[in-house]
There are 4 protein chains.
Amino acid sequence: MAVLGPNRYGKAETRVVRVTRHGDAHRIKDLTVSTALSGDMTEVHLSGDNSAVLPTDTQKNTVFAFAKKHGVGAIEDFALLLARHFTDARPAIHHARVAIEEHAWERNGAFGHSFVRSGREVRTCVAHHDGTRSWVVSGLRDLVVLNTTNSEFWGFAKDEYTTLPETRDRVLATAVEAAWRHDEPPQDWDKSYENARGALLAAFADTYSLSLQQTLYAMGTRVLAECPEVCEVRLSLPNKHHFPVDLAPFGLDNDGEVFFAADRPYGLIEGTVLREDAPEPGPAWE
Amino acid sequence: MAVLGPNRYGKAETRVVRVTRHGDAHRIKDLTVSTALSGDMTEVHLSGDNSAVLPTDTQKNTVFAFAKKHGVGAIEDFALLLARHFTDARPAIHHARVAIEEHAWERNGAFGHSFVRSGREVRTCVAHHDGTRSWVVSGLRDLVVLNTTNSEFWGFAKDEYTTLPETRDRVLATAVEAAWRHDEPPQDWDKSYENARGALLAAFADTYSLSLQQTLYAMGTRVLAECPEVCEVRLSLPNKHHFPVDLAPFGLDNDGEVFFAADRPYGLIEGTVLREDAPEPGPAWE
Amino acid sequence: MAVLGPNRYGKAETRVVRVTRHGDAHRIKDLTVSTALSGDMTEVHLSGDNSAVLPTDTQKNTVFAFAKKHGVGAIEDFALLLARHFTDARPAIHHARVAIEEHAWERNGAFGHSFVRSGREVRTCVAHHDGTRSWVVSGLRDLVVLNTTNSEFWGFAKDEYTTLPETRDRVLATAVEAAWRHDEPPQDWDKSYENARGALLAAFADTYSLSLQQTLYAMGTRVLAECPEVCEVRLSLPNKHHFPVDLAPFGLDNDGEVFFAADRPYGLIEGTVLREDAPEPGPAWE
Amino acid sequence: MAVLGPNRYGKAETRVVRVTRHGDAHRIKDLTVSTALSGDMTEVHLSGDNSAVLPTDTQKNTVFAFAKKHGVGAIEDFALLLARHFTDARPAIHHARVAIEEHAWERNGAFGHSFVRSGREVRTCVAHHDGTRSWVVSGLRDLVVLNTTNSEFWGFAKDEYTTLPETRDRVLATAVEAAWRHDEPPQDWDKSYENARGALLAAFADTYSLSLQQTLYAMGTRVLAECPEVCEVRLSLPNKHHFPVDLAPFGLDNDGEVFFAADRPYGLIEGTVLREDAPEPGPAWE
């Protein structure tokens, strides 16, 4: 006998740009918003009765309308606003998940109306609301960092398939994907974000690394240390291998100077660092 | 006080092609293999002591060596073989996750040595092994399907942000991503795969659809009906919107003839269908 | 003194799907259409006077309207129809270039209204019209082919940077991008396409290859031999390297059985084969 | 009778990272290098005789070895060095084309060994050498810019397929792809690059735009004005449409505040600005 299990539906990747015009100095917020709702959805799956279904098109419209009515400040606030709206407005909707990505722009010179897209990382958040409680995870992706030294890798386990030589000096590079869960909302989401980002960057730089796992753990603990409002950090760090090129056949040495940046395969190190007393996450990571 | 939470590490996206030469009729298997191990990994995170760490480079080597030694049949078998090896070989490794994607090829004419890549969907699997028990999820992604009719969408909830008109005839298109969990291993993974794939395609085609959720549920139940070894199906169906173009300004009608295929945003319908008596999934979906 | 040089403008990548409903057996054509116009465009560049500019939005509308009015048969015919329209309709437009990509679909089972996207190559064409004359180039991309044997590479030039060993048996794989110019329009574009595609596939398979250049030339000449209406073929063949994995450290040999499919870098072989008496190409390749 | 037409071959997308260690303040150059050679290549195409073919693998090795021996300064210098080497070293090679992309990094804080990838545009160059003469084109891609105002579009040609309303205020956004040809080499390629980039950004910002063509022409002339060593500029500007969302159904106005950033289709404006006395380009743009 088949039954319906967990399900959700929504509009993914609504691309909204909000312009604010205060005199000559405009501001822009450039977001990709994905909403997902769940609740009393058995009938729509079993019989196609859509009476509980707020169309995904309506969800998209709501994103645009709210950008106008409420403006867009920190993405966490905008995500919460939307999540609360969907659960409050429709009794059949018991749970809303709103994920937002923010694409950064910088001013183009001194012009108040002209902008250049920053190549900085993408800032992310996911907000959940169940009608009563809220959960927010903030994060980033595509923060690409590289250390030219202060990284070793040796003393590892070896078996019959191990050929990797040990190294006392290597390039360490990764594209940081990180997300952090808040015990309680910070006073200022933007400041909290910059603190967490700064902690990740600093820990990557100043950790003398014997393995990427060690660096990951240092990055997570640094965020916890710098951001008291954060109770858990999850990191996914691809090891973007930079292999030293063997130049011996050409009569050249290669003392950490010339590297081949490989695409695939890549190491992938995933880990969590959390406070001992972190509360249960509930649906925060879903 | 910061503590280490769940973590794993491995080599992602090892691209291995295995050729088998029986006389003139060669065979190829083209895989992307990702391995992830976990176990006694506290020390490597805290101090950088790598003694429990089997390098990701070794994991990659193992994939290649096993492709030679054991050949590659069904990807589920190959994934299980690898997962068992990693947990059996290293006491510090308590759990292995092996994910494989298979890229299909067809013969190029009557030539035994020449192949054309099929554009069929990508076949996928994820196998877990914890030293004692195994879990296998099979699946596919990028199975792009479209119905030109037999799809309606009306009777949905409306609020102040609803502008979508109801429709009694629309194009329904999606890129199926599906995964199914096995109660027990089928006798023949390849046959089971073809059965599940066939069930998905048939249910998509012959379900008169009042909503994509209804189609999703029909696809899931069809897999359960056709594959007794399957106990749970998870589906992620982007609604690849095909909007009818308004040709009225040009004095033309458009009776389901000309559509604009939109990129973003898109609806995203996610759901699970499972047997009432499906056993606990354990780590199967992780 | 700055002057305006060659220029063109248009709407790129209009995604149009045309459905034809003859009884229960529907047909779909799925195209990506890019138009580019040029002509008396000095003023718009110098002063922003748009009086000669037919908006790119109008070009997009025209694609949709023509799909309705004229239907969509062979993409070459549809491209020519559009190119002629733009030059005929607007005196300021002296030249139109229309590029179309066609994405193939197959029937989903016996259902007349249900389709599965074929993973076959993308069919392409570019049509030019200057008000009087037309030029058409047909082609394809992403036709991925692989030979497991019948490929050697040796006897090449060597210098102080050469380390590649010679080989008498290797995997040869490429993603064919090809375009062919027509001396005069074939009677049936679709049949001509299948002939050219078949010639490319057959020549790839049955050429015993001493270099990818040799294979390229064989593929080009085969198209010319099979398609009398074609006077020139241009091919771009990435050498999708499949490197044999060194299994010796594991006590295993590797007699053409296990390969690593590399992403980058890749060889890239580009070449042209044409009839001695091929007419001047004019703007055909632009 | 089939004959061989224009052809070239090489190694595409060699990913080389060059680290320079002067005390604690390291430097990195991160390049993607593509080489393409042509010359006496008839035999390899006709018979597979590779005696004139310097393997693409050797070309890759040369890139790595030269990065060590000569270091990497401006990419134009490195490209020329490689192009000259290939034509000088092998009599059968008559022409070399070397294309380089540079991926920018910034320092990660005050650490001399730690870097963050800048999201700035990608800097590009293409150098040609025929044994005697050289040609260099410099450029960039993915410089994404947006003006929130100072852009109009009206007074355009209209036909029966025109529905676009005129506008006196719109968002104008594009991802600049530009390349500029040098009359003679500048004294300092890096400085020349920054001048050209600055000219593009400034002209985009301070041009009150009546059409994207006008902006394009202004950007090209600005580069010519600021960079006396440049004789020709080619620009490809996708019109990244930001459509104002119709909020009237929700009782809201939208005075240039909320936009939908569309993916496809997009306008594409391509044009050239050159000095009246610009010399013949030869193979520079190939």
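The values are calculated or read from the model by the stated rules, or taken from the named source; none is laboratory data. This one's a predicted model, so the numbers in the text were calculated from it and none came from an experiment. Here Cβ is always computed from backbone atoms with ideal geometry, including for glycine, and neighbour counts include all displayed protein chains.
If I filter the range A:197-224 down to residues being more than 14 Å from chain B (Cβ to nearest Cβ) and over 14 Å from A:Asn147 (Cβ atoms), which single residue comes out as surrounded by the most Cβ atoms within 10 Å (Cβ to Cβ)? Among residues in the range A:197-224 that are more than 14 Å from chain B (Cβ to nearest Cβ) and over 14 Å from A:Asn147 (Cβ atoms), the one surrounded by the most Cβ atoms within 10 Å (Cβ to Cβ) is A:Arg197.
Checked against the criterion of being closer than 19 Å to C:Ser114 by Cα and touching a Gly at 6+ places or on another chain (Cβ under 8 Å), the candidates B:Ala205, B:Ala199 yield just one match: B:Ala205.
Restricting attention to the range D:170-196, the residues that are within 14 Å of chain A (Cβ to nearest Cβ) and out of contact with any Leu (no Cβ under 9 Å at 6 or more places or on another chain) total 2. If the condition is being of a type in the set (Ser, Thr, Tyr), touching a residue at least 12 places away in the same chain (Cβ under 8 Å) and either within 21 Å of B:Asp246 (Cα to Cα) or not in a strand (DSSP E or B) (or both), then the range D:135-170 contributes D:Thr148, D:Thr149.
State yes or no: is D:Asp77 outside any strand (DSSP E or B) and farther than 30 Å from C:Glu152 by Cβ? So D:Asp77 passes the test. Comparison of C:Val33, C:Val19, C:Val53 shows that the only residue that is touching a Leu at 6+ places or on another chain (Cβ under 8 Å) and not aromatic (Phe, Trp, Tyr) is C:Val33. For the range C:247-256, the criterion of being closer than 22 Å to C:Leu143 by Cβ and of a type outside the set (S, T, N, Q) is met by no residue.
Take A:Ser118 and tell me if it is within 12 Å of chain D (Cβ to nearest Cβ), polar (S, T, N, Q) and surrounded by fewer than 22 Cβ atoms within 10 Å (Cβ to Cβ). Walk me through how you get there before you give the answer.
Values: within 12 Å of chain D (Cβ to nearest Cβ): yes; polar (S, T, N, Q): yes; surrounded by fewer than 22 Cβ atoms within 10 Å (Cβ to Cβ): yes.
Spelling it out, A:Ser118 is indeed within 12 Å of chain D (Cβ to nearest Cβ), polar (S, T, N, Q) and surrounded by fewer than 22 Cβ atoms within 10 Å (Cβ to Cβ).
Do we find that A:Gln187 is free of Cβ contacts under 8 Å to residues at least 12 places away in the same chain, among the polar types (S, T, N, Q) and buried (at least 20 other Cβ atoms within 10 Å of the Cβ) in this structure? No, not satisfied. Six or more apart or on different chains, Cβ atoms under 6 Å: show the pairs whose first residue is in the range D:103-119 and within 15 Å of D:Gly23 (Cβ to Cβ) and whose second is in a loop (DSSP other than H, G, I, E, B) and not polar (S, T, N, Q). The qualifying pairs are D:Gly112/D:Asp24.
Of the residues contained in the range D:69-87, none is found to be over 27 Å from A:Asn108 (Cα atoms), surrounded by fewer than 21 Cβ atoms within 10 Å (Cβ to Cβ) and of a type in the set (Phe, Trp, Tyr). Of all residues in the range C:22-54, those that are without any contact (Cβ under 8 Å) to a residue 40 or more places away in the chain, crowded, with 22+ Cβ neighbours inside 10 Å and farther than 16 Å from D:Leu216 by Cα total 1. For the range C:14-21, does any single residue satisfy the condition of being facing chain D (nearest Cβ under 9 Å), crowded, with 17+ Cβ neighbours inside 10 Å and touching a helix residue (DSSP H, G or I) at 6+ places or on another chain (Cβ under 7 Å)? Yes, because at least one residue in the range C:14-21 is facing chain D (nearest Cβ under 9 Å), crowded, with 17+ Cβ neighbours inside 10 Å and touching a helix residue (DSSP H, G or I) at 6+ places or on another chain (Cβ under 7 Å).
Regarding B:Ala202, is this residue touching a residue at least 12 places away in the same chain (Cβ under 8 Å), out of contact with any strand residue (DSSP E or B) (no Cβ under 7 Å at 6 or more places or on another chain) and among the small types (Gly, Ala, Ser)?
Working: touching a residue at least 12 places away in the same chain (Cβ under 8 Å): yes; out of contact with any strand residue (DSSP E or B) (no Cβ under 7 Å at 6 or more places or on another chain): yes; among the small types (Gly, Ala, Ser): yes.
Yes; evaluated as a whole, the condition is true for this residue.
Exactly one residue among B:Glu286, B:Glu276 is over 17 Å from the mean Cα position of the chain (by Cα) and either away from chain A (no Cβ under 11 Å) or surrounded by fewer than 22 Cβ atoms within 10 Å (Cβ to Cβ) (or both), and that residue is B:Glu276. Per the listing A:His103, A:His85, A:His128, the residue uniquely touching a Lys or Arg at 6+ places or on another chain (Cβ under 7 Å), within 14 Å of chain D (Cβ to nearest Cβ), farther than 30 Å from B:Thr56 by Cβ and not aromatic (Phe, Trp, Tyr) is A:His103.
If a residue must be closer than 16 Å to D:Gln213 by Cβ and either touching a Pro at 6+ places or on another chain (Cβ under 9 Å) or surrounded by fewer than 19 Cβ atoms within 10 Å (Cβ to Cβ) (or both), how many such residues does the range D:227-239 contain? Don't jump to the end; show me each part of the working.
Initially, the range D:227-239 is screened for residues closer than 16 Å to D:Gln213 by Cβ, giving D:233-239.
With the extra rule that they be either touching a Pro at 6+ places or on another chain (Cβ under 9 Å) or surrounded by fewer than 19 Cβ atoms within 10 Å (Cβ to Cβ) (or both), the set shrinks to D:234, D:236.
Qualifying residue count for the region: 2.
A Cβ distance below 6 Å, combined with a sequence gap of six or more or placement on separate chains, defines the contacts here; from the range A:262-278, residues that are in the same structural domain as A:Val230 (by TED's automatic domain parsing) and over 16 Å from A:Arg222 (Cβ atoms) reach residues that are of a type in the set (S, T, N, Q) and part of a strand (DSSP E or B) in the pairs A:Pro265/B:Thr14; A:Tyr266/A:Asn239; A:Gly267/A:Asn239; A:Glu270/A:Ser236. If you go through the range C:52-86 and pick out every residue that is more than 20 Å from the chain's Cα centre (by Cα) and over 21 Å from D:Tyr266 (Cα atoms), you end up with 5. In the range B:240-254, is there at least one residue being surrounded by 21 or more Cβ atoms within 10 Å (Cβ to Cβ), within 14 Å of chain A (Cβ to nearest Cβ) and over 30 Å from D:Lys158 (Cα atoms)? No, every residue in the range B:240-254 fails to be surrounded by 21 or more Cβ atoms within 10 Å (Cβ to Cβ), within 14 Å of chain A (Cβ to nearest Cβ) and over 30 Å from D:Lys158 (Cα atoms).
Quick grid of which residues meet (1) among the polar types (S, T, N, Q); (2) in the same structural domain as C:Arg120 (by TED's automatic domain parsing); (3) in a loop (DSSP other than H, G, I, E, B):
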{"site": "C:Val3", "(1), (2), (3)": "no, no, no"}
{"site": "C:Arg18", "(1), (2), (3)": "no, yes, no"}
{"site": "C:Leu31", "(1), (2), (3)": "no, yes, no"}
{"site": "C:Asn50", "(1), (2), (3)": "yes, yes, yes"}
{"site": "C:Lys69", "(1), (2), (3)": "no, yes, no"}
{"site": "C:Thr87", "(1), (2), (3)": "yes, yes, no"}
{"site": "C:Glu106", "(1), (2), (3)": "no, yes, no"}
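Each row is one residue, and each column tells you yes or no for (1) in contact with an Asp or Glu (Cβ under 7 Å, 6 or more places away or on another chain); (2) among the basic types (Lys, Arg); (3) within 30 Å of A:Glu121 (Cβ to Cβ).
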| site | (1), (2), (3) |
| --- | --- |
| D:His128 | no, no, no |
| D:Ser138 | yes, no, yes |
| D:Asp159 | no, no, no |
| D:Trp189 | yes, no, yes |
| D:Asn195 | yes, no, yes |
| D:Leu200 | no, no, yes |
| D:Tyr208 | no, no, no |
| D:Ser211 | no, no, no |
| D:Tyr217 | no, no, no |
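Collect the residues in the range C:150-169 that are in contact with a helix residue (DSSP H, G or I) (Cβ under 7 Å, 6 or more places away or on another chain) and either more than 8 Å from chain D (Cβ to nearest Cβ) or hydroxyl-bearing (Ser, Thr, Tyr) (or both), keeping them in residue-number order. Explain how you work it out, then say what you get.
As a first pass, look at the range C:150-169 and keep what is in contact with a helix residue (DSSP H, G or I) (Cβ under 7 Å, 6 or more places away or on another chain): C:159-164.
Within the range C:150-169, C:Glu160, C:Tyr161, C:Thr162, C:Thr163 qualify.
When A:Asp263 is tested against (1) within 30 Å of C:Glu160 (Cβ to Cβ); (2) within 13 Å of chain B (Cβ to nearest Cβ); (3) crowded, with 20+ Cβ neighbours inside 10 Å; (4) of a type outside the set (Ser, Thr, Tyr), only condition (3) is not met. B:Ala173 meets each of the listed conditions (1) touching a residue at least 40 places away in the same chain (Cβ under 8 Å); (2) among the small types (Gly, Ala, Ser); (3) out of contact with any strand residue (DSSP E or B) (no Cβ under 6 Å at 6 or more places or on another chain) apart from (3). Here B:Leu247 passes the criteria (1) in contact with a Lys or Arg (Cβ under 6 Å, 6 or more places away or on another chain); (2) touching a residue at least 40 places away in the same chain (Cβ under 8 Å) except the one numbered (2).
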